[in-house]
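Peer 1: Input: one structure, supplied below.
The values are calculated or read from the model by the stated rules, or taken from the named source; none is laboratory data. As the structure is a computational prediction, the values presented were derived from the model and not from experiment. Positions of Cβ are backbone-derived with ideal geometry, glycine not excepted, and every protein chain shown enters the neighbour counts. Just the protein is used for accessible areas: all its heavy atoms, side chains included, with ligands, DNA and RNA removed. Shrake-Rupley method; radii C 1.70, N 1.55, O 1.52, S 1.80 Å.
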Amino acid sequence: MNVDSAFMDKGSGIKPTNSKCLGLWLALLFMLWSSTIATSARSSELNLREAIRLAITDDPWLVGSDYRERALRSEAISARSLPDPSISLQAANFPTDNFDFGQEPMTQVSVSVGQRLPRGNSLQLAADRKRAQAGEEPFLRQDRQARVTDRVTQLWLEAFVAQESIRLIQEDRALFENLADATRASYSTAVKRSRQQEVIRAQVELVRLDDRLDTLKEALASTKANLSEWVGEQAQRPLSGFQRRGSPSPVALPMASYARAGRHPSVLALDQRIKAKKLEVDLAREKYKPEWGLSARYGHRGDDPMGRQRSDLFSIGLTLDLPVRHRKRQDQDVHAAASRVEALKTEKLLLVRELMAQSEAAVAALAHLDVRLLRYRQELLPQMADQAKAALVAYNNDEGDFAEAVRARIAQLNAKIDALNIEVRRRQIVATLTYLMGGETHTSVDALSQQAGDSVQ
């Protein structure tokens, strides 16, 4: 079957030409190719959620924390165990003249076993302290994950704002190139009364844009290098965008309070440390109690010189120490342990105050950024777009000044980049606020990272 018969129109009986069939195939292939390229480009981009996932998954600190917790829990089990008993073998009271085992009644071979019993409830308290120390690690890991999330978000957004600024400048650079070409053409053909300074001005603006691009590319490379500390070579991938829809939605924040700050993972970890230190106070108090010891001894004696059998001997003993001479030392140990507890309580108070102050400062900054972002979206950006368009139309109609058209376009570009910086800064503050409030903001980093698409228009 040839190509013509394969594409026969059965209803009309008209056979399409080869060129039409070929055109159809080319169109289909082009559509498939475009779709594949678009899909590949999207899949090669690094979005914020993936960057955070990579950083947390590959964070060796979290692995080390898990091992520390396991070690402490194992030590808690061993801390409850009694010390190993001691055993001794002894050949006692042998006569030095002939070392005859049966000559003297005191001569014997003995075996003794001893067991030390630690002071009071110190074994259980030591185990409880280890468990309290182990209980700190899950909160430390939770805090570490939140810190990594915040850090990676800051770096990702810094890289994104540089990447997006480069894209905006490159778009305007194409327009300046066209404007410069048109100015040179009109100057050379004298179609318009373009002056030589207009041509030079267009070239100067292109050079300035190139210099600005180089600065942004340097900033992008530097930020991605810092990001690679957390996500490895994936940091070199292009970054996906986020969509801007209308007015910024306010971040729902719970009332700043001591109780809310007290639920922060870093504060909860400090609570566990305080708990462990309190158990050290109890351990220090146990030093006032005596340490006990049990011992048992069995001694075998040989027959006497007359061949009569001697009885073997068995002894049992109880020992204890009396901590009376060193009571002053024990008092100081208790005071020292109690002082460490109070010092940690002070550290907790300072941490809570710091979290509350930073949260309130972030909320205040966020409110100002929301006002500025609304002003840019609703007023400045539309007005500057109209101004740039009007200035360019006036220049093309020989009714406006070239310098004014250039200034208007540059002002519009700067406004776009300023709006982008404001929005990115707002998202950075939201990410930090999410960390400070223990994830209690309703606008989370995950919600920000799910939005993908447009840049500031």
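Peer 1: For segment 198-227, give me the residue count where each residue is closer than 19 Å to S44 by Cα and open to solvent by 40 Å² or more (accessible area, probe 1.4 Å).
Peer 2: Counting residues in segment 198-227 that are closer than 19 Å to S44 by Cα and open to solvent by 40 Å² or more (accessible area, probe 1.4 Å) gives 2.
Peer 1: Then there is this: Working only within segment 294-325, note down all residues that are small (G, A, S) and closer than 25 Å to S86 by Cβ.
Peer 2: So in segment 294-325, the residues small (G, A, S) come out as 295-296, 299, 302, 307, 311, 315, 317.
Result: S295, A296, G299, S315, G317.
Peer 1: Quick check on segment 367-387: of everything there that is touching a residue at least 40 places away in the same chain (Cβ under 8 Å) and closer than 17 Å to I410 by Cα, which residue is surrounded by the most Cβ atoms within 10 Å (Cβ to Cβ)?
Peer 2: Y376
Peer 1: So G439 clears everything in (1) part of a helix (DSSP H, G or I); (2) closer than 28 Å to H264 by Cβ; (3) open to solvent by 20 Å² or more (accessible area, probe 1.4 Å); (4) at pLDDT below 90 except one condition, right? Which one?
Peer 2: With (1) part of a helix (DSSP H, G or I); (2) closer than 28 Å to H264 by Cβ; (3) open to solvent by 20 Å² or more (accessible area, probe 1.4 Å); (4) at pLDDT below 90 applied to G439, the lone miss is (1).
Peer 1: Another question, then. In the set L220, L206, which member is in contact with a helix residue (DSSP H, G or I) (Cβ under 6 Å, 6 or more places away or on another chain), farther than 30 Å from Q154 by Cα and at pLDDT 80 or above? Walk me through how you get there before you give the answer.
Peer 2: Numbers: L220 fails: farther than 30 Å from Q154 by Cα.
Every option except L206 fails the conditions.
Peer 1: For segment 388-407, enumerate the residues that are under 16 Å from L175 (Cα atoms) and either open to solvent by 30 Å² or more (accessible area, probe 1.4 Å) or within 42 Å of the chain's Cα centre (by Cα) (or both).
Peer 2: K389, A390, L392, V393, N396, E404, R407
Peer 1: Could you tell me whether A259 is of a type in the set (A, V, I, L, M), at pLDDT 85 or above, part of a helix (DSSP H, G or I) and surrounded by fewer than 18 Cβ atoms within 10 Å (Cβ to Cβ)? Even if it seems obvious, please write down each step before you answer.
Peer 2: On the way: of a type in the set (A, V, I, L, M): yes; at pLDDT 85 or above: no; part of a helix (DSSP H, G or I): yes; surrounded by fewer than 18 Cβ atoms within 10 Å (Cβ to Cβ): yes.
It is false that A259 is of a type in the set (A, V, I, L, M), at pLDDT 85 or above, part of a helix (DSSP H, G or I) and surrounded by fewer than 18 Cβ atoms within 10 Å (Cβ to Cβ).
Peer 1: I would also like to ask the following. Are any of the residues in segment 350-361 over 30 Å from L279 (Cα atoms), touching a helix residue (DSSP H, G or I) at 6+ places or on another chain (Cβ under 9 Å) and either in contact (Cβ under 8 Å) with a residue 24 or more places away in the chain or surrounded by 13 or more Cβ atoms within 10 Å (Cβ to Cβ) (or both)? Don't jump to the end; show me each part of the working.
Peer 2: Of all residues in segment 350-361, those over 30 Å from L279 (Cα atoms) come to 357-361.
In the following step, the residues that additionally are touching a helix residue (DSSP H, G or I) at 6+ places or on another chain (Cβ under 9 Å) were identified as 358-359.
Within this subset, residues satisfying the condition of being either in contact (Cβ under 8 Å) with a residue 24 or more places away in the chain or surrounded by 13 or more Cβ atoms within 10 Å (Cβ to Cβ) (or both) are 358-359.
Yes: segment 350-361 contains one or more residues that are over 30 Å from L279 (Cα atoms), touching a helix residue (DSSP H, G or I) at 6+ places or on another chain (Cβ under 9 Å) and either in contact (Cβ under 8 Å) with a residue 24 or more places away in the chain or surrounded by 13 or more Cβ atoms within 10 Å (Cβ to Cβ) (or both).
Peer 1: Just need a number here: residues in segment 82-136 that are in contact with a helix residue (DSSP H, G or I) (Cβ under 9 Å, 6 or more places away or on another chain) and farther than 16 Å from E291 by Cβ.
Peer 2: 10
Peer 1: How many residues, within segment 82-93, are assigned to a loop (DSSP other than H, G, I, E, B) and open to solvent by less than 70 Å² (accessible area, probe 1.4 Å)? If you could, list the steps in order and put the result at the bottom.
Peer 2: Looking only at segment 82-93, we keep the residues that are assigned to a loop (DSSP other than H, G, I, E, B), and these are 82-85, 93.
Applying the additional criterion that residues be open to solvent by less than 70 Å² (accessible area, probe 1.4 Å) yields 83.
Qualifying residue count for the region: 1.
Peer 1: Also, I was wondering about something else. Can you tell me which of A132, A162, A146 is modelled with pLDDT of 85 or more, assigned to a helix (DSSP H, G or I) and in contact with a Gly (Cβ under 9 Å, 6 or more places away or on another chain)?
Peer 2: A146
Peer 1: Something else: Give me the pairs: first residue in segment 282-301 and open to solvent by 50 Å² or more (accessible area, probe 1.4 Å), second residue β-branched (V, I, T), beta-carbon distance under 6 Å, and six or more apart or on different chains, which are they?
Peer 2: Every condition considered, the pairs that remain are R285/V334; Y298/V111; H300/V109.
Every residue, every condition in (1) more than 25 Å from the chain's Cα centre (by Cα); (2) part of a helix (DSSP H, G or I); (3) modelled with pLDDT of 90 or more, yes or no:
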{"position": "D333", "(1), (2), (3)": "yes, yes, no"}
{"position": "A337", "(1), (2), (3)": "yes, yes, yes"}
{"position": "R340", "(1), (2), (3)": "yes, yes, yes"}
{"position": "T346", "(1), (2), (3)": "yes, yes, yes"}
{"position": "L349", "(1), (2), (3)": "no, yes, yes"}
{"position": "R353", "(1), (2), (3)": "no, yes, yes"}
{"position": "A361", "(1), (2), (3)": "no, yes, yes"}
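Peer 1: Next question, about the same structure. Do you know which of the residues in segment 131-142 that are open to solvent by less than 50 Å² (accessible area, probe 1.4 Å) and of a type in the set (D, E, K, R) is farthest from the chain's Cα centre (by Cα)?
Peer 2: Out of the qualifying residues, it is E136.
Peer 1: Failed condition for F314, given (1) under 30 Å from Y435 (Cα atoms); (2) exposed (fewer than 12 other Cβ atoms within 10 Å of the Cβ); (3) modelled with pLDDT of 85 or more, with all others met?
Peer 2: (1)
Peer 1: Continuing with this model, one more query. If A364 satisfies all but one of (1) under 16 Å from T432 (Cα atoms); (2) surrounded by 15 or more Cβ atoms within 10 Å (Cβ to Cβ), what's the number of the condition it fails?
Peer 2: Of (1) under 16 Å from T432 (Cα atoms); (2) surrounded by 15 or more Cβ atoms within 10 Å (Cβ to Cβ), only one is false for A364: (2).
Peer 1: For segment 94-118, which positions are assigned to a strand (DSSP E or B) and either on the phi > 0 side of the Ramachandran plot or surrounded by 15 or more Cβ atoms within 10 Å (Cβ to Cβ) (or both)? Even if it seems obvious, please write down each step before you answer.
Peer 2: Of the residues in segment 94-118, the ones assigned to a strand (DSSP E or B) are 108-117.
Result: Q108, V109, S110, S112, G114, R116, L117.
Peer 1: Let me ask you something else. What number of residues within segment 72-110 are closer than 30 Å to A134 by Cβ and touching a residue at least 24 places away in the same chain (Cβ under 8 Å)?
Peer 2: Taking segment 72-110 and keeping what is closer than 30 Å to A134 by Cβ, we get 72-85.
Now drop any that are not touching a residue at least 24 places away in the same chain (Cβ under 8 Å), which leaves 72-73, 75-77, 79-83, 85.
Here the count works out to 11.
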